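Below you'll find the structure, written out as structure tokens, and then a few comments.
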């Protein structure tokens, strides 16, 4: 059975509407995707850190309750759990404020078992953070050597806008490691001051990675890939409660699609057919749509049970 391994930060997301808190949920980009995959019966392992506090205990317990292996989550004695404040606007899109002590980031883990065609997900500032760079590169090298598919979600927030120059070498190296790169229109606006998927792909991404997905909120999902393949996918209308986990769950669904349709690293290297891309992107959009129907950062447990029943 193929596995998914995600590495990233853990946070407590506190959701605000009309300036009042309306919920608090464990989160983090790769974390959210792994919870959704765990709910859908995928063999999932999360690598990261949790604070040595009540929130950290809740996060580790939450992983295990949702079927995710949490044996590779570090807890350091003097660490506090990071907090994210997400303010929903009238369209229920989120604006974020993060509270995290990045200079005290640490990462110390034993590599999990990785086999050919397993999938490794990495994302966000965590993926470019200079403080833990050696450990991130070590995992990517290990994953590549063992024949895993590497999926990189850029997820670069405006709160780190002033660090773009500093992290650019790590970011470009991530693009080179990746078999598939996904980012949102907002990510590339922060990184390049560009919002056009064609220009982003041609000028900034294609030299490093040929398979590129750009999500644009309620606008189309744009795919660019080998041999000049170009696809545009309209996002079906949905009654949105929160978009906090939308991109993370697109990742989860896309990865689920790779597993569901038996797509291997060799298949990706040779180039997928348009029909294969269509099926996998559709899974990403399905997971994302379900997540947006609630305040939670993941697909619902009911959705997970439906997916399990289809397997």
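The values are calculated or read from the model by the stated rules, or taken from the named source; none is laboratory data. Nothing here was measured: the structure is a model prediction, and the numbers come from that model. Ideal geometry is used to build each Cβ from the backbone, glycine not excepted, and the neighbour counts take in all protein chains shown.
Residues that are closer than 22 Å to residue 243 by Cα and either within 19 Å of the chain's Cα centre (by Cα) or in contact (Cβ under 8 Å) with a residue 40 or more places away in the chain (or both): find the strands (runs of 3 or more DSSP E) completely inside the stretch 49-102 holding 2 or more of those.
The strands (runs of 3 or more DSSP E) meeting that bar are 83-88, 94-99.
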For the stretch 1-37, what are the residues that are over 21 Å from residue 303 (Cβ atoms), touching a helix residue (DSSP H, G or I) at 6+ places or on another chain (Cβ under 7 Å) and surrounded by 24 or more Cβ atoms within 10 Å (Cβ to Cβ)? 7, 8, 9, 10
Can you say whether residue 257 is under 30 Å from residue 85 (Cβ atoms) and surrounded by 15 or more Cβ atoms within 10 Å (Cβ to Cβ), as far as the supplied structure shows? no
Which one is farthest from residue 261 (Cα to Cα) among residues in the stretch 285-311 that are in contact with a strand residue (DSSP E or B) (Cβ under 8 Å, 6 or more places away or on another chain) and at pLDDT below 95? 295
Going through (1) over 17 Å from residue 171 (Cβ atoms); (2) in a helix (DSSP H, G or I); (3) over 18 Å from the mean Cα position of the chain (by Cα) one by one, residue 134 fails only at (1)
Please verify whether residue 126 is under 27 Å from residue 253 (Cα atoms), surrounded by fewer than 17 Cβ atoms within 10 Å (Cβ to Cβ) and in contact with a helix residue (DSSP H, G or I) (Cβ under 8 Å, 6 or more places away or on another chain), treating the condition exactly as stated. no
Residue identified as modelled with pLDDT of 95 or more, within 19 Å of the chain's Cα centre (by Cα), within 20 Å of residue 151 (Cα to Cα) and in a strand (DSSP E or B) among 257, 183: 183
Could you list, in sequence order, the residues of the stretch 230-254 that are in contact with a strand residue (DSSP E or B) (Cβ under 7 Å, 6 or more places away or on another chain) and not in a helix (DSSP H, G or I)? 230, 231, 232, 233, 235, 242, 243, 244
The lone condition residue 299 fails out of (1) within 22 Å of residue 6 (Cα to Cα); (2) outside any loop (DSSP other than H, G, I, E, B); (3) touching a residue at least 40 places away in the same chain (Cβ under 8 Å) is (2)
When you look at residue 282, is it assigned to a helix (DSSP H, G or I), farther than 26 Å from residue 22 by Cβ, at pLDDT 95 or above and over 20 Å from the mean Cα position of the chain (by Cα), yes or no? no
